[in-house]
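Presented below is the structure to which this report refers.
Readers should treat all values here as calculations from the given coordinates under stated rules, not as data from a laboratory. Here the structure is a predicted model, which means the values were calculated and not measured. Every residue, glycine as well, gets a Cβ built from its backbone with ideal geometry; the counts of neighbours run over all protein chains shown.
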């Protein structure tokens, strides 16, 4: 018996000696690659760059695009629309009864900064990788382009925001003590980043087909033109827009109806788009907007429904070509969808009985299941018509009405509208602005346009919204729209609470103010 | 179920076995002439044995020349030669030396008077009185300084144990050690059969727990299971059956609901939404969803006994608890087989095996929706609208967009099958009488498999699931401990006693999972096809990973006592943990404690006080309770699209901290124990102070850093301070026995140092309350306080409204109207914003305590147990919608009388408004904070003992749990669920399933 015990003791001691404690205690994190050696291969570096793009629209519907949708609802183009679910964080914001705690503000903020950090890591690591110089330059160009894209979105929504431009500062304790930078400093960074991008990125035609969708020199120039336009740097805006127009890289889609189509990915007009496909295995690489923006009678959530005010704008211009490809009306056929002769916009749950045609997918082209994240409809951030109208607007303010009218005409020609080449002054300005509204309607541009465009120093948003706003007066005094005036679950007074002293910026998410221990200061009035 | 009964029957049969020639009878009494039941009578040098019955009578068949051995714990063993006699009355003499209780401490056991630290003991018999899936439920109110925080009333719910407050931010659960084997963090006590528990020892201070080092900072709960004793086999059968009842919450009916919805609009100048004439439906969703009574069943059979060489204790148990919903139940079957082999005089082997099976279906978290859904909606669609719909699609969509809870429950299919196997092997080798080598190997393997089926259904175009899905998730965890210790015990010159212990320990935990799901099961309604193999869809997901946590430790402990007057204990533990970067991997934890038995001193003479002892201790324990990923910078991957093709996208998924190090908790404990009148009355009092250093915390950095998720950091220091007091009274007066135990504890945990950047630690971000955090831990303050705006009543008239201005006359709440809340502009800057946030409540009690009373008169026994907390606040989250109808959800019955109207100016809640431009319900405020003090009758039991031939003991009882609650709290249950993280989650009522009232009948039989 003693022998057995002795044997046991020997065995146990043996185990203790043999079992190397270092091996026992060095436990890797299994199933996860580590950042330290991640950038050792070009494939990994490219995957990391791809990850920055992922944050342009977010992984799903709510990180970034839903705030864009809410922004469009806070204009005269869209109602909040969904009258079945009065939500303070959606309907309230679009009516300027702003709820600062909205998770969509917060996730938009968070999403964009995560994108910025992904860009910062790439900018930090890529210079040291051993790969072909042209690819390295391209990747750095992509990272700078995307970083500028994120900051531009942030500054337009929230005003001056904290600036983080390197990865290494995240490792320092001082990162906790950042404060908001000035609006000017944010724009300075955006301009610098876009210049770097322009200098490093290839033209669209220089990319192999498999890389379609990556940032191009043209995309960077277009974005920079829009940045300069927002800053009212008219000459620079005109130059950059012109560079894109004359590059020959892009043409207007001959048929307006073909710009937004499940069959048209990276079309000739598209300058920067997020491509979406149907893939049942990877379920969030398809579009979300056809569902979130779609009619509640058509498997959609019904957030955002076009206003009769917008429809009137098309009608007053005699613009049927764009109207039919922009607005679907209840009980009417859907242009381009032979399967639907009488559309169900479910007016009992839809303020205006109208739905956005641009993010609508014809029944025959729908995947099964027809679910968000699985729809192959691209989302276009920049297209040539946008750049032409940037060019027109910049040229107008740059005292170059001739160039302005030439660009305006190109856009109108496509939809068979005549252009009055005798227009001058305010009439020309208003024509360009109206053209922008009609051409880019429901594409999440109007909100930023109304915040930046000014008449006698007053932002147009303040002229349209507020107790005396034209949109508010139209709805409360003039409109006889059968849907809007009867579905009062969304108030006809939408916009009456608009206050120009605070509503040109959204509130900083209260969570961020708390997390920064008050270092990040709230915007006035919230 | 059938199988379980068969097993139980099998065990019953084991009990009957005895053969002999000659019958001996008699009565066994103590020195006072009281009969002693349960005395073991053994025929010497045989395995033939018997036990005395309730009246002390025994009967055994033996040979004429046999010698009988009478033994009973606490009495001197007596040998009697039969010598042909047939009646042998026996008087047993108490053995005071043997009465010395042995207390299990880490890696050994000592006599109770050797304990110099703070240890609370709760006996198994007290635990077994409560019928619950989780023995921790029964710990509530039983021991001073130990809080049990409920996690609600769902079957199989696992409460949290909190020992002496909070010193850490990450997981406040104590370490569970089962028969010497450390179990993984967060182990639920569900796996234990309460009837198997001999006792709980709760190590409360660091001088007791330091021997467990790095995992002991939240205290240690040592659980000992029952072991066999030499003597005749004893079989116990315990059965109980009961009904659980959920207290109904009355919600507004259709009339009141329509009035509220319309008032919300008309108060804003908008049109009313509903015309009451159009509605004749008035659904009472509570009655549709909740079943009044849900059964609970417990059956347990144990057999124990042994001979000189082998002792055994074996049990099987069956437990079944149903929820008050259509879905949701919990079942478990446990087995335990504890065997002690005496291989030789020097070698002892213990082998415990405990397999267990748990099956459960999650209880629907339906309360939230059933409170909110409008009463105007029918449960089901009319027959005419069901055409072409499957059985999951016949539920009506509500008017206010709250999912139909009946439909949700009908579409919920999940079932978990859990299998666990625990083995504990211990070999003790007495090398010399003083020196013992012990080797212990504990193995614990668990396997859980969860099947989830999501049916295809259609309610409305945007409330539907177009394709069904089947998922199977499997988790396999394996952990082992290997403890090798050497123990040296010696008494020198009769006065110097020493007990030295050294050891090397390994502790390894492995976690493993594989999850898969697939779309397109061909038949939506056939349960036989709900397997991955049957699915045909293209949507497939597969995930799997593995993780490993290892700790290597060396321990040393010395106990020294002099003349049974002075006791000293010192311990040292060195831990190395795989969770920390290499350079910070090692932690040393030490403790020292001292006790003085004043009553043993010659100068101490008292006829009243028979025990007086002082003790002091200091110690240090560690905490490694932080994600194992904490030190790593990891890259995750996702998908993106270029040119219509999917490509891999990757990103930083975890921001690491390479400086991460141990959290240490230092603690001081001072206490006094005393007893009076021959131990009839005993009293103890302890004061403690625990201070943590390098507090481990998962910090959420400002979002502008773009750092995803949380970062593990060492952020500062918390201090937890309080006292525990216990008073007991036990007296026997003739046929009447009385036992009273009262305990009371206080605790205050505050943040005493916080690193730059972490001066405020927030928790519980509520998007609906302005995206603000409603919990804060701030330097110098109690941790985990409620945070928000203070209110100062309701604006009663325009004059009050107009006068609510800053010094320069600007309105502080420009959007407010009469009937809205007046918020306090804390910093008086004339603006109401985030700078006005302040502490609005404290979820922690000023004190909490329990009272247990046991009475016995002849054959009748009665016991009750109370538990209460005083001075704690509850954040009544349902009150953010129950009196406002936010988003047109339903309101509490009578809400119309509780909201402000020009006629009801004394109302607590502000006016109804849909726009809520004043943010009455969009800000966290003290409107939602209520006093959560309560006193609850946890358990009351009345038992009757009766005689049945062939049984040693028969007892029948009726019992009730949670029958009575005294509280001013207006919500459903003041005993709010704790949530995962005590600091961040505790004290918030999220309308989780409340603790149920339970009525039980039970039977205890002993063969």
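Summary table
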quantity	calculated
Cα gyration tensor, the stretch B:696-742 - rounded (a/c under 1.5), prolate or oblate	prolate
Bridge type composition, the protein assembly as shown - antiparallel percent by DSSP, nearest 5	95 percent
Chain A - percent relative contact order, Cα under 8 Å, separation 6 or more	18 percent
Approximate spin-label separation residue B:430-residue B:582, in nm, with each point projected 7 Å along Cα-to-Cβ	4.8 nm
Computed E for residue A:251/residue A:210 - FRET, C-beta separation, R0 22 angstrom, nearest 0.05	0.50
Average other protein chain Cβ within 10 Å of Cβ, residues A:209-219	2
Modelled FRET efficiency - R0 41 Å, residue B:248 with residue B:421, Cβ distances, 0.05 increments	0.45
Two-site FRET efficiency, residue B:308 against residue B:112, from Cβ-Cβ distance with R₀ of 25 Å, rounded to 0.05	0.35
For q = 0.10, 0.20 Å⁻¹, Debye-computed log10 I/I(0) when each Cα of the stretch A:350-505 counts as one equal scatterer	-0.50, -1.26
Debye log10 I(q)/I(0) at q = 0.13, 0.19, 0.23, 0.29 Å⁻¹ for the stretch A:404-461, Cα point scatterers	-0.35, -0.73, -0.98, -1.21
Equivalent ellipsoid, the stretch B:453-574 (semi-axes from 5 times Cα gyration tensor eigenvalues, Å)	63, 15, 12
Cα-based equivalent ellipsoid, chain B: semi-axes from gyration tensor eigenvalues, Å	54, 34, 31
Rounded to 5, the percent of DSSP beta bridges in chain A classed as antiparallel	95 percent
Surface/4 of the Cα convex hull for the stretch B:903-964, nm²	9.2 nm²
Stretchable slack from residue B:855 to residue B:123, in nm (0.36 nm times residue separation minus alpha-carbon distance)	261.8 nm
Isotropic mean projected area of the C-alpha convex hull, the stretch B:909-1007 (nm²)	10.0 nm²
Separation of the residue B:32 and residue B:397 label points, Cα + 7 Å toward Cβ, nm	7.5 nm
Label point distance in nm, residue A:268-residue A:488, each placed 7 Å from Cα along Cα→Cβ	5.2 nm
For chain A, alpha-carbon Rg relative to the globular expectation (2.2 N^0.38 Å, N residues)	1.10
Rg/Rg_ref, the stretch A:283-377, where Rg_ref = 2.2 N^0.38 Å and atoms are Cα	1.05
Ordering of B:477-489, B:864-876 by packing [mean C-beta count within 10 Å, highest first]	B:864-876, B:477-489
Separation of alpha-carbon centers, the stretch B:35-73 and the stretch B:853-927, rounded to whole Å	61 Å
Modelled label reach - residue B:658, point 7 Å along Cα→Cβ, the stretch B:580-621 residues with backbone N closer than 18 Å	B:580-586
Inverse mean reciprocal Cα-Cα distance (Kirkwood Rh) of the protein assembly as shown, Å	36.6 Å
Per-residue average of Cβ from other chains inside 10 Å of B:540-552	3
Average beta-carbon neighbours from other chains, 10 Å sphere, peptide B:770-782	3
Quotient of Cα Rg and 2.2 N^0.38 Å for the stretch B:192-325, N being how many residues it contains	2.01
